[in-house]
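Let me begin by presenting the structure, written as structure tokens, before commenting on it.
Since every read-out is calculated from the coordinates, none of them should be taken as a lab result. Values in this document were obtained by computation on a predicted structure and should not be read as measured data. Here the Cβ positions follow ideal geometry from the backbone for every residue, glycine too, while neighbour counts run over all protein chains shown.
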Amino acid sequence: MSSRQPPPLLLDIGLVGLAVADAWIHVDFVDRWAAACAFLGALALMLRRRMPLTTFVLTLPTALVTDAVVAPMAALYTLSSLSRHRLLLAGCALFYAVIDFLPWPWSSLDATELSQTTNLFHLSYGLATAAAPVFLGQLVQARRELSLRLADITEAREHERLLTAQSVLAKERAQLAREMHDVVSHQVSLIAVQAGALQVGSQDPETRQAAATIRRLSVQTLDELRHMVSVLRASGSRPTELAPQPSLADLERLVDASGIEATLETDLPDGLPPTVQRAVYRTVQEALTNARKHAPGAAVTVRIHRRDGTLHTRITNTAPTRRALALPSAHHGLVGLAQRAELLGGTVTSGPTAQGGYELWLKLPVERNQ
């Protein structure tokens with residue numbers, strides 16, 4: 001309901017009051033029959049929205065025995081604004097005009113008076129008066145239907161715009177899937193093949209172990225990459241399940257497969273929220289990756305514990321023992337961790353330690369994410 005339009009009940013009460021005032025002015029209350037008809041027609045306006053035709057019929061005695069016009073005109077307008085039957089509306093308007101023209105009682109009607117110019121003018125005026133609310137009601141009905149059609153058109157255009165955007169997104173996803181399959185998958189496959197060859201051909205145990213780790217990580221990356229490509233190629237045509245999300249149960253395997261000297265210390269209970277478990281896993285994963293890239297030869301310690309309703313995750317690495325190689329990086333890892341933690345109501349802090357190492361500290365509220 002628009003704020004500019006009064007409530008329907010208040011509008012109906014005001015209209016009844018206006019009809020009563022019209023009856024008060026034009027009806028002689030000495031004539032109880034006329035007064036009763038006038039007040040019946042006024043009170044019938046409370047039914048005009050639910051039973052417009054019945055309301056119009058109940059107001060006809062007002063037009064017949066009194067000079068009050070508000071009630072029958074309002075009833076005729078309401079009927080014409082809600083009905084689509086043009087023949088019915090024309091008949092009601094004609095019937096009202098005839099009743100308004102005929103005197104009461106009908107026995108006082110002189111047939112010769114119908115030929116008089118004044119009475120014919122009166123009948124024409126009554127027809128015009130009856131046609132006015134009919135035309136106005138039809139105009140309001142047409143305007144209401146036009147507004148509904150415009151709303152439907154607007155909704156259809158929004159739906160079409162959404163479909164167009166989804167189509168564009170689907171094409172971009174398909175193109176991205178092709179790029180990942182043709183470029184990234186090919187390069188990772190070459191890394192796995194070269195690592196396998198190095199593992200078989202090398203005589204150095206440490207080199208063979210490093211090559212085996214590289215090969216295992218490459219194969220795991222290829223599996224995840226193939227699933228991502230299949231998700232992208234789905235292009236939104238149907239819901240596609242994502243890969244199983246990691247949990248704290250996978251942390252030990254993550255630390256063991258990191259390829260660096262890492263220790264995991266945790267005493268967490270079961271039943272932590274999945275979102276918290278994923279955030280901790282991704283934080284540890286990012287910290288191990290950064291230590292492997294930027295602090296070669298460093299030892300990493302992962303400590304996870306819960307205190308006062310807050311989950312604390314500290315990943316600390318010692319100073320590097322050799323110079324780090326220059327590797328490409330988009331520098332989005334820590335930013336992404338901070339955003340993930342902020343969504344869960346937590347914080348991420350990081351910085352160098354006094355011993356020349358580096359520390360990453362994640363704090364997450366547990367009860368808020370239950």
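Just a few scattered comments:
- In nm, spacing of pseudo-spin labels at Arg278 and Ala338 (7 Å Cα→C-beta vector): 2.2 nm
- About the centre of its Cα atoms, region 8-155 shows a dipole size close to 580 debye [charges on the beta carbon of Lys, Arg (+1) and Asp, Glu (-1) only; nearest 20 debye].
- For Leu311, nonlocal amide neighbours, meaning residues 5 or more places apart or on other chains whose placed amide H falls under 5 Å from its own, are Leu364, Val366.
- Cβ-Cβ FRET estimate between Trp33 and Arg149, R0 fixed at 41 Å, reported to 0.05: 0.30
- Given their separation in residues at 0.36 nm each and the Cα-Cα distance between them, Phe135 and Ser230 gain 28.0 nm when the chain is fully extended.
- The slack between Arg323 and Met51, meaning 0.36 nm per residue of separation minus the straight C-alpha distance, is 89.0 nm.
- The slack between Thr353 and Arg86, meaning 0.36 nm per residue of separation minus the straight C-alpha distance, is 87.4 nm.
- Under the simplified labelling scheme, the Phe95-Arg253 pair shows an inter-label distance of 8.2 nm, with each label point 7 Å from Cα along Cα→Cβ.
- Distance between the modelled labels on Ser202 and Leu18, one decimal in nanometres: 9.4 nm (7 Å Cα→Cβ projection).
- Overall form of region 8-155 per C-alpha gyration tensor (a/c, 1.5; a/b vs b/c): oblate
- Around the amide H of Glu261, modelled in the peptide plane, lie the amide H atoms of Val300, all under 5 Å away and 5 or more residues distant in sequence or on another chain.
- Listing Asp204, Asp12 from fewest to most neighbouring C-beta atoms within 10 Å gives Asp204, Asp12.
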